[in-house]
Amino acid sequence: MRLATLIFCLFIINTDLFSRQLVLTSPDEQIEVVFSDSRNIHYQVYYKGEALTKFSPVALELTDGRVLGKQTTLISSDIKQYSKMLSVSGGIRSEIKDEYNELTMRFKGNYQLIFRAYNNGVSYRFVTNFKTDYVVKDEWVEYKFPSDLKVNAHIINTYRSSFEKHFTSKNLKQLSEEKDLISLPLMVESPGGPSILLTESDQAGYPGLLFKRYSEENIYSIKGDFAPYPKKTKTGGIKNFNQLVVEEENFIAKMAGNSKLPWRLMIIEEKDIDLVDNTLVYQLAEETKINTSWIKYGKVAWDWYNALNIDGVSFESGINTETYKYYIDFASKNKIEYVILDEGWSDQFDIKVLDDNINLKELIRYGKEKNVELILWSIWYPLEEDMEELFKWVKNLGVAGLKIDFFDRNDQPVMQALERILKIAAKYELLIDFHGCPTMAGLERTYPNLLTYEAVKGNEFVKWDPEGEPPEHNVSLAFTRNVVGPMDYTPGAMNNATERGFYPNFESPMSMSTKAHQAGMYVVYFSPLQMLCDAPTAYEKFPDVLELISSVPTTWDETIALDGDYGEFVVVARRKGDQWFVGGLNNKVERKITIDLNFLETDSHKFQLMTDGVNANRRAGDYRMQNGTTGRKEQLTIHLKKGGGFLMKIQ
């Protein structure tokens, strides 16, 4: 249907929700949102004429007995068309076309429900305009599917989580309604239809959305769930790093009268690979609130993964000034912008109390001399005692930012704390990297000093987990976790093992993937602050690999997801200026892939290509480096070994 035929009566008073069934279409008319003709709000999503969902409810239940979205009276409504270009700094592309049709419904009781239809998704949110504050008992977010679809779920099982699990593939009916608590995003596979990703955006200090299977006869449904508001907490967890919830309220959120709730988002793409460069979470997030002129993106040398083990030096390596000067020298030589001082540089509960072996002022001075800045690690809750004063102290030291860890919850107070940290950090021009945290739902657009965050089972788990990081897990992240925001996976392991040869080792960790797979992550994974996880001397043993990965930018002017399937393989091309980088990751199945290079501008480009070596199935560290010329009319065939990958630089 044409949009012009869908604009309906603008003023409907004291009647049913709709005088007739209404439809909101996407600009390209491939997606339709159909609303039920009752006073309880339900909607259904169609893609190319096929129903993706059955009618699903939308409601907000308050503790005072009101339920927004039930027994409604529509006061007015309108549909508007929007199309604009967004300028982006620190993203997967420098410009994004933001085009959608928006339906705003205004209801008796001073609240609105806003729906948007994009060419690649549907979103909605509540907006309240009450005179007084209110408390949310529950929000009804539900997606009713027409059949028993396969889902790829990040199952955390508990409200108190570090959000670091493998994605599990199950049919909806196989999910446990009682046990399987799912964190964002959730991927739904529709046989013969599009690929769907369920998530949120513009989270705005509200509890993070979770999902559970909801049982109903002949209905296959995913229902929203939220961590209850904490009533009482105590210190505990690993090393007493957490604030554990020991008593809960019977509600989920305290809200100001005038509030915008988060966008509930269904991303809809034709194929799995199209999810990889989707930007709807960013598009829906609130516009930037801070001055960004001081923000510098780049790579960072990291100390914790490699346990500060460096070889062939005249001093004992560890948490001391000499070791960190070596890291700074390494970073400076290889044009790496930052070095992290992770756990151990200070007292874990008072960052002003330095380790006796660390001369922090000297390291800061030495780093500035070498054009390398420092980032300091801290756990979260001690910062809450006087965050303003502590951040001012950190700024006066002359460091670039903080890596803040061990939130391990996504209830409302924690989500508010994440935003508060970013706001105060921006005031003092401090960069932030969050760990032990939930997904941030577009917060990196609102506060671009949030360069990266974890919410992922990353490389560090190979230090202690017998499962390691299987290559199919690494592939799956490109289609799921990394779609919703920058991801601090911490790539770059130089000690590599096959599946048979892998074992966890805390002091000398190894990846369960090839060296070329680890290199490919620098293009496939998006993070404006990208780690080099291994030790400086581990990279120095492979100078050609070090030179190549050090040259990969961390923000981009253009991104093209070229080929791939969830959990199987993925190939991504990204451009910065006049240079292209192409990266690929493979699962455990050996394969050949062919890449069309028609995204290049001319027929003559120099390239450097790192691929799996011929013996990489037996020795995962085996790689091959090639140089040559290629052009836009060429096709590139690459042999991906088991757990393999590649990295290509074109200039």
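The values are calculated or read from the model by the stated rules, or taken from the named source; none is laboratory data. What you are looking at is a predicted structure, and each value in this text was computed from that prediction instead of being measured. In this analysis, Cβ positions are derived from the backbone assuming ideal geometry, glycine residues included, and neighbour counts consider all displayed protein chains. Ligands, DNA and RNA are excluded from the accessible area calculation, which covers all protein heavy atoms including side chains. Shrake-Rupley method; radii C 1.70, N 1.55, O 1.52, S 1.80 Å.
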Worksheet item: Which of the peptides 173-181, 227-235 is most tightly packed, and how do the rest follow, going by the mean number of other Cβ atoms within 10 Å of each residue?
Response: 227-235, 173-181
Worksheet item: Dipole of the range 161-240, Cα-centred, from +1 at each Lys and Arg C-beta and -1 at each Asp and Glu C-beta, to the nearest 20 debye?
Response: 500 debye
Discussion item. With every protein chain kept in place and ligands, DNA and RNA left out, what is the accessible area per residue of the range 44-125? Probe 1.4 Å, answer in Å².
Written reply: 40 Å²
Worksheet, complete the sentence: The summed charge of the GLU590 Cβ neighbourhood (under 14 Å; Lys/Arg +1, Asp/Glu -1) stands at +1
Worksheet entry | Kirkwood estimate for the chain, i.e. one over the average of 1/r between Cα atoms, Å | 25.7 Å
Worksheet item: By a straight-distance test (C-alpha under 18 Å), which lysines pair with LYS260 as possible cross-link partners, with residues fewer than eight away in the same chain excluded?
Response: LYS108, LYS131, LYS137, LYS289
Worksheet entry | Largest-first principal axis extents, alpha carbons of the range 413-566, Å | 46, 35, 33
Worksheet item: When ranked by the protection proxy of mean other Cβ atoms within 10 Å per residue, highest first, what sequence do the peptides 605-615, 487-497, 56-66 form?
Response: 487-497, 605-615, 56-66
Fill in: Nearest-20 debye value, the range 214-253 charge dipole, Cβ charges on Lys, Arg, Asp, Glu
400 debye
Worksheet item: So how many Å³ per residue does the convex hull of the Cα atoms of the range 538-651 work out to?
Response: 106 Å³
Worksheet entry | Portion, in percent, of the accessible area of the chain that falls on carbon or sulfur, probe 1.4 Å | 44 percent
Worksheet item: Which value in Å is the Kirkwood Rh of the range 86-155 over different Cα pairs?
Response: 16.2 Å
Worksheet item: For the range 223-280, what is the accessible area per residue in Å² when the probe is 1.4 Å?
Response: 42 Å²
Item to complete: Could you pull the Cα extents of the range 191-240 along its three principal axes, largest to smallest, in whole Å?
Response: 49, 28, 23
Worksheet item: Please identify the chymotrypsin sites (Phe, Trp or Tyr not before Pro) of the range 266-333 that satisfy two criteria: DSSP loop assignment and at most 14 other Cβ atoms within 10 Å. Which are they?
Response: TRP294, PHE315
Worksheet item: Listed highest first by mean packing, meaning other Cβ atoms within 10 Å per residue, what order do 420-426, 25-31 come in?
Response: 420-426, 25-31
Worksheet item: Quick one: accessible area per residue over the range 542-646, 1.4 Å probe, rounded to a whole number of Å²?
Response: 45 Å²
Worksheet item: How many percent of DSSP beta bridges within the chain run antiparallel, rounded to 5?
Response: 85 percent
Worksheet, complete the sentence: One checks the Cα atoms of the range 317-473 and finds Rg and Dmax, in Å, of 16.1, 45
Practice prompt. Before anything else, pin down the relative contact order of the range 526-640: Cα pairs under 8 Å, at least 6 apart, normalised by residue count, whole percent.
Written response: 20 percent
Worksheet, complete the sentence: Relative contact order of the chain (C-alpha contacts under 8 Å, at least 6 apart) in percent is 11 percent
Item to complete: Give me the net charge of LEU198's neighbourhood, meaning all other residues with Cβ under 14 Å from the Cβ of LEU198; Lys, Arg count +1, Asp, Glu -1.
Response: +2
